[in-house]
2 protein chains.
Amino acid sequence: MHVGSTAAPSAEDRQRWRLADLAARPERLDVLRASLVALGVDAYFGVRPENARYLTGFVLADGEEKVAGHSGRFFVDAAETVLLADSRYRLQAQSQAPRSRIEDTPGGLAAAWPELLGSLRPLSNDVSRGVAGIAVEAGFLDHASWLALAAAAPDVELVAIEGLIETQRVTKEPSELERIAAACAIADEALDATLPQIREGVTERELAMALEWRIRTGGAEALAFDVACLAGARAALPHGSPGDDAVRAGQVLLFDFGAQVEGYRSDMTRTLFVGQPDAHDRAIYELVAAAQAAAIDLLGEALRSQRAITNREVDAAARAVIDAAGHGHHFGHGTGHGIGLATHELPSLGRAAPEAPLPSPTVFSVEPGVYLDGQTGVRIEDLVSFDAGAGTFELLTRFPRSLTVVGEG
Amino acid sequence: MHVGSTAAPSAEDRQRWRLADLAARPERLDVLRASLVALGVDAYFGVRPENARYLTGFVLADGEEKVAGHSGRFFVDAAETVLLADSRYRLQAQSQAPRSRIEDTPGGLAAAWPELLGSLRPLSNDVSRGVAGIAVEAGFLDHASWLALAAAAPDVELVAIEGLIETQRVTKEPSELERIAAACAIADEALDATLPQIREGVTERELAMALEWRIRTGGAEALAFDVACLAGARAALPHGSPGDDAVRAGQVLLFDFGAQVEGYRSDMTRTLFVGQPDAHDRAIYELVAAAQAAAIDLLGEALRSQRAITNREVDAAARAVIDAAGHGHHFGHGTGHGIGLATHELPSLGRAAPEAPLPSPTVFSVEPGVYLDGQTGVRIEDLVSFDAGAGTFELLTRFPRSLTVVGEG
C-alpha cells in the first residue's frame, strides 16, 4: 500500500480478515439471539455503527452516522439480519453486507416501522403472533426517534437495552486480535518515523499532522481518533488539542494516538523529552513507568499462578505505586480500557468500574499518568493482549517505554 | 499560519470573530429565552455540540462528543448559561466559555440532575416554585439518558423539543458570513493547488489526501467533512469514499469537500475531466451547469423584482432543466442545504422540504447533479450568500464552474 512501510498489512491479510468476519457472523448472531430469548424479546433493533459492522459488515466512517439518516441501522430476528440503507448507501450495503436483507425507508423510519416489524420472524416460539417485543439500543437511539417508533406500532413493546452486543465484543476472535496488533505496528512505526522532525521551534500541530500523515499513508485506513500532541505544561491536559505554540527544549512532549485497520483500532501514548529532562521531570517519568510495570507484572504473575484477576486489581497495582509517591490525586483517570471496533470499550480498568474478572481473550490499554497542573504531564500507554485460557499475555505496543530524549544535536 | 497561502485568515481575523461571537451571545440567548417562554418552559437543556458552541463558545471537535461524556452539554435559564465539563475539560471550558458557570457531574448526570435544576433561575414569573418544566433536545439526547433524567427528578417535566436553536442559526450574523466565506476561499485555493497532481495512474485516495492536506495546512482548523474524490462510474455514488483504483484518462473526477474556519464550514463540489470528455459526458456536464445557473438566476431575478422566494422554487428551477432533458430520475437529492456551524443545516432546498420563504441573510448550497448508474456522475456545488433585506446575493465559491479538463500533457 505504501512503499517503504513494513507495518502495512498486505492485500491478502485484508482479504483473510474480511473472510474471517464473514465466517464468524453466524455464531456472533447466535450468541445475541440467545441473549434476546433470555430477555423474552422477539428481535433486536441496532443503531450503533460498530455493532452494525460487527453483525452485518456494513461500515460507516466515524461521524458519518450524523449524515447517514437511518442507513446502517439494523434488525436481527430468528432467521436473518435486515440492514437499512437509503439510495446513497444501497450499493455499499449490498457489497459489504451480502448476507443481509437490504431495506430502504424513503418515507422515514417511523412510517416503515410497522411493515418492517411485520416482515421479521420472531424469536419466540409463537411465530403466529408476530413481533411482540423488540430490544432497542436505548443508549444510541435519540429520544425523539424512540417516541416516533413507539407511536408507529403501539402494540409492539420497545425494550430499552444497553451493552448486549458490546459485551460480546469484549472477547476477541483471532482475526480481531491480528488487526489490533497490525494497527499497533503501524502506530509504532509512524511515531518512530516522526522522531527526526521533533526539534525546538516546531509546533504541536505540525508534529500531530506529520504523525497523522504517516499513519494514514502507512497502511491504516483512518486514525483511531485525533492525534494529541501536547508540550510542556499542556501535557497536563488529559484531553488537549494540538496548538500552534512552538516546542521548547526541556519540555515533555506527549503523543496520544492510534491507527485503524479494517475497523480495529490501536491506542498508545508516549511522553518524550525534547532535550535532557531535569531531575524532577525524570522522576515523574520513572514513577509512571514503574506504575505501568507494576500493572503489567501483575498480569504475568496472575497467569503464572493461574488465578483469576479483576479489572480493579490491575488498576490498583498501578495506582498503588503513584499513591505511594504522593501523587495519587494527580492520576485522575482509570488505568485502562478495552479496545476493538471502538477506541473505548469494555473492560474498564478503573476504581469506579464494577469489579469483574478480566475477560479473555481480550485487549486493553495500561496507561497510568501523572498530571501536574501548570507544570508537566506524563502518561505511558500500551495495549496488552490477554488470554487467561492460553496462559499468555503480550504487549502489542513495541515502541520503547524507557525514557526517550529527542531533538538533540 | 501557512507560508504561501493567501486564503488563510489572519490572527486578527480570528480574534475579531471570537469577539463578535462573545458580543452576539447575549442576544442569541434572549431570542432563545423568548421561545422558551412562549413554550411555557422554565429552562433549556442542550446536548448538540454546535448549539453549545453557538450559545457558550465551548468547542468539541467532530465526533468528540462520543468520548466527552456530559462535557459540553449545557443549560440556559433566565439569568445565565451553565456548562457541564468534567476535569478533562475544565480548563478548556473556562477559557472558551468565560461567561458560563462551569459544573462537573462526577457521579453522573442523573445523580446531579436535581441539584442542577435547583440551581437554575426559572423563566416563569413564579420563581419560588423552581423549574417545573425544561426543554430538552430530544433529537440529540439518547433515550436511556432521557429515562434516567426523568426518573431523577420526577416532578420536573422534560419537554421534548427539536430545532429551536437550529432555527435561530439559519440567519447568519456578519462575522458568521465572513467565516463561511473564508472557508470557501481556503477550499477554492486547495483545489486549485491540487490540480497539477491529477494525472492518469494517481488514485482517488491519494488525491483526496493531497486535497485534505492543503485545506488543513492552508488556514482551516479542520475539514468540514471527509473529502470525497470519485472517478468515472464511481462518481455516480452520492456518498462513496475514495478508493485505491487508479484514475484513467477520459474519466470524470468528482471532488466534494469543505473547510472549517473558527467553527464555520464550507462545502463545494467540482466534477473535473481527466483528459477531454466524450460528447455524452460533456452534454451531461453542460446540463448540470445549466440547472445550477437556472437556480442561481432565479435568486437574482427574485431580488431584482423584490419578491419573496421559497426553498422549493429554487429546487424546482434546477430540477426543471434536468427534467426537461429526461434525466429527472437521475437527480435523486435536493438542490441545496444551509450551512454554518454544521455542514447540513436549514434551509433545506428540496422537493420534500416544507415549503417556506428563504430566510435572510443566510447561506446555502446550490448543487444539482445527474448520476448514471455504472457510467458517470456530475455534480456542481457552490455556496450562495443570500440577503433579501439588502437585495443582494453572492457566490462564495469562486473556483470556475465551467468545464475543466485536467491531467493533459
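Here is how the numbers come out for the structure above:
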quantity: Per residue Cα convex hull volume in Å³ - calculated over the stretch B:11-169; calculated: 109
quantity: Fraction of beta bridges assigned by DSSP in chain B that are antiparallel (%, nearest 5); calculated: 75
quantity: Principal-axis tilt of helix B:11-39 within chain B, Cα atoms, nearest 10 degrees; calculated: 60
quantity: Theoretical FRET efficiency, 1/(1+(r/R0)^6), r = Cβ-Cβ of A:ASP104 and B:ALA356, R0 35 Å, to 0.05; calculated: 0.85
quantity: Packing rank of A:328-338, A:210-220, where each peptide gets the mean count of other beta carbons within 10 Å, highest leading; calculated: A:210-220, A:328-338
quantity: Trypsin sites (Lys or Arg not before Pro) within the stretch A:295-326, DSSP loop, no more than 14 other Cβ atoms inside 10 Å; calculated: A:ARG307
quantity: Heavy atoms of B:LEU83 accessible to a 1.4 Å probe, total area in Å² rounded to 10; calculated: 0
quantity: Where the Cα pairs of the stretch B:131-269 fall when distances are cut into 5 Å bins, in %; calculated: 2, 9, 15, 14, 11, 10, 9, 9, 8, 6, 4, 2, 1, 0
quantity: Chain B: projected area of the alpha-carbon convex hull, averaged over directions, in nm²; calculated: 21.5
quantity: Accessible area of chain B divided out per residue, in Å², using a probe of 1.4 angstrom; calculated: 39
quantity: Spatial extent of the protein assembly as shown: Rg and Dmax, with the Cα atoms as the point set, Å; calculated: 27.0, 86
quantity: Antiparallel bridge percentage (DSSP; both residues within the protein assembly as shown; nearest 5); calculated: 75
quantity: Residue-level accessible surface for B:LYS66, protein heavy atoms, 1.4 Å, Å²; calculated: 110
quantity: Local net charge near A:GLN276, Cβ-Cβ under 9 Å (Lys/Arg +1, Asp/Glu -1); calculated: -1
quantity: CD proxy at 222 nm, helix term only [per DSSP H run n ≥ 4: -39500 (n - 2.57); per residue of chain A; nearest 500]; calculated: -11500 deg cm²/dmol
quantity: FRET efficiency estimate (nearest 0.05) - Cβ-Cβ, A:THR6 to B:SER402, R0 45 angstrom; calculated: 0.45
quantity: Efficiency of FRET from Cβ geometry, A:ALA150 and B:ALA78, R₀ 45 Å, rounded to 0.05; calculated: 0.85
quantity: Cut-off 17 Å, label 7 Å out along Cα→Cβ of B:LYS66, residues of the stretch A:120-144 by amide N; calculated: A:137-142
quantity: Helix B:311-324 vs. chain B, principal-axis angle (Cα, 0 to 90°, nearest 10); calculated: 20
quantity: Length added when fully stretched, B:ALA320-B:GLU157, from 0.36 nm per residue minus Cα-Cα; calculated: 53.9 nm
quantity: Relative contact order (%) - criterion: Cα under 8 Å, at least six apart; region: the stretch B:255-404; calculated: 27
quantity: Listed residues B:ASP155, A:ASP13 arranged by accessible area, highest first, probe 1.4 Å; calculated: B:ASP155, A:ASP13
quantity: Per-residue mean of C-beta atoms belonging to partner chains within 10 Å, peptide A:55-67; calculated: 3
quantity: With Cα atoms, 0 to 90° folded angle of helix B:174-194 axis to chain B main axis; calculated: 40
quantity: Restricting the stretch B:304-409 to GluC sites (Glu not before Pro) in coil, as DSSP defines it, with at most 15 other Cβ within 10 Å; calculated: B:GLU355, B:GLU408
quantity: Per-residue SASA entry for A:TYR264, accessible area with 1.4 Å probe, Å² rounded to 10; calculated: 0
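The values are calculated or read from the model by the stated rules, or taken from the named source; none is laboratory data. Computed from a predicted model, the values in this text were never measured in an experiment. FYI the Cβ positions are ideal-geometry reconstructions off the backbone, even for glycines, and counts take in every protein chain you see. Quick note on the areas: whole protein, heavy atoms, side chains included, nothing else; ligands and nucleic acids left out. Shrake-Rupley method; radii C 1.70, N 1.55, O 1.52, S 1.80 Å.
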